[in-house]
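The values are calculated or read from the model by the stated rules, or taken from the named source; none is laboratory data. Bear in mind the structure is a predicted one, so any value in this text is a computation, not a measurement. We place every Cβ from the backbone using ideal geometry, glycine too, and count neighbours over all the protein chains shown. The area values use the complete protein model at the heavy-atom level, side chains included, leaving out ligands, DNA and RNA. Shrake-Rupley method; radii C 1.70, N 1.55, O 1.52, S 1.80 Å.
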Amino acid sequence: MSEVKLAATVRSEFGKGAARRIRREDKVPGVLYGHGTDPVHVTLPGHDLLLALRTPNVLLALAIDGKNELAIPKAVQRNPLKGFIEHVDLLLVKRGEKVSVDIPVLTEGDLAPGAFLVEHVLNALPVEAEATHIPESVTVSIEGLSAGDSVLAKDVTLPKGTTLTVEDDAVVIQVLAAQAEEPAAEGTEGEGDEAAEA
């Protein structure tokens, strides 16, 4: 997992007015906490942070007032209409330290022939991993599965050093039979046939 370097500044202004001013400068207000330290209120570069957060559980190397800190995002508040980041909570981490995170679940392969649907019961798998080696995602094979089949948490292959923090028998993915479509209204099919002949 790669680190993304960001320059952060400690902020002393708080409240909605201060937050608006920060956002107008294309920056994001945030809070850095963890390891029993007092929370540090910071300002981060908006565009760089937005790009960094495209990677789930990204490891941020923050340069703050001459000190370097490692952090992972814990809570990101986005504007519901425009999508920009309004605020971010960051958790301080140390190399070698284990952290609990949710990693996205991806699927590969084709289901058995037939009308089946894949349901992601867990879109993200809760795991514990070393802070500097958090997997970006896990991939689960759905090859040949049909209705009634499921993939449990214990069936997911995790990278070395990563452990589940959810029950082994938790369902991650299940395969359902697709609902049959209602028959088309009478007269519709005939019209289509005539149009095809014309």
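Nearest 5 percent is fine: what portion of the DSSP beta bridges confined to the chain is antiparallel?
Working: 39 of 53 bridges.
So the antiparallel bridges in the chain amount to around 75 percent.
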Open item on the list: Under 5 Å between amide hydrogens, which residues at least 5 positions from Arg11 or on another chain qualify, with H placed 1.01 Å from N in the peptide plane?
Closed with: His41, Val42, Thr43
Task: Options Leu90, Ile142, Leu122, ranked by Cα towards positive dipole end of the chain, top entry (Cβ charges) - done: Leu90
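Using +1 on the beta carbon of Lys and Arg, -1 on that of Asp and Glu, and nothing else charged, what's the dipole of region 1-97 about the Cα centre, debye to 20? All intermediate terms of the calculation are to be shown ahead of the outcome.
Details: 15 positive and 11 negative charges, 66 e Å.
Dipole size: approximately 320 debye.
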Task: In Å², nearest 10: area of Glu97 left accessible to a 1.4 Å probe - done: 50 Å²
- [ ] Write down the accessible area per residue of the chain in Å², having rolled a 1.4 Å probe over the full set of protein chains.
- [x] 61 Å²
Open item on the list: For the ranges 66-74, 105-113, what's the packing order if you count other beta-carbon atoms within 10 Å of each residue, average per peptide, and put the highest first?
Closed with: 66-74, 105-113
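Under unit Cβ charges (Lys, Arg +1; Asp, Glu -1), what dipole magnitude, rounded to 20 debye, does the chain have relative to its Cα centre? It would help to have the intermediate numbers written out before the result.
On the way: 18 positive and 32 negative charges, 472 e Å.
Once rounded to the nearest 20, the dipole reads 2260 debye.
Please express the shape of the chain as an equivalent ellipsoid: the semi-axes are the square roots of 5 times the eigenvalues of the C-alpha gyration tensor, given largest first in whole angstrom.
They are 44, 26, 13 Å, listed largest first.
What fraction, in whole percent, of alpha-carbon pairs in region 29-140 exceed 17 Å separation?
Working: 3823 of 6216 pairs.
Every Cα pair in region 29-140 considered, those over 17 Å come to 62 percent.
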Open item on the list: How large a share of the accessible area of the chain, in percent, is made up of carbon and sulfur atoms when the probe is 1.4 Å and the other protein chains stay in place?
Closed with: 49 percent
Task: 3J(HN,Hα) from dihedral phi, region 116-121, Karplus parametrisation 6.51/-1.76/1.60, rounded to Hz, x for glycine, proline - done: 10, 10, 9, 10, 7, 5
Task: Modelled label reach - Glu167, point 7 Å along Cα→Cβ, region 131-146 residues with backbone N closer than 20 Å - done: none
- [ ] Would you please give the residues with an amide H less than 5 Å from that of Thr107, counting only those at least 5 places away or on a separate chain, with H modeled from the backbone geometry?
- [x] Val140
Task: Gap separating the Cα centres of region 63-114 and region 1-50, nearest whole Å - done: 15 Å
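Short version: what are the Cα gyration tensor semi-axes of region 30-71, square root of 5 times each eigenvalue, largest first, in whole Å? Mind dumping the intermediate values first?
Working: eigenvalues 69, 29, 20 Å².
Over the Cα atoms of region 30-71, the semi-axes work out to 19, 12, 10 Å.
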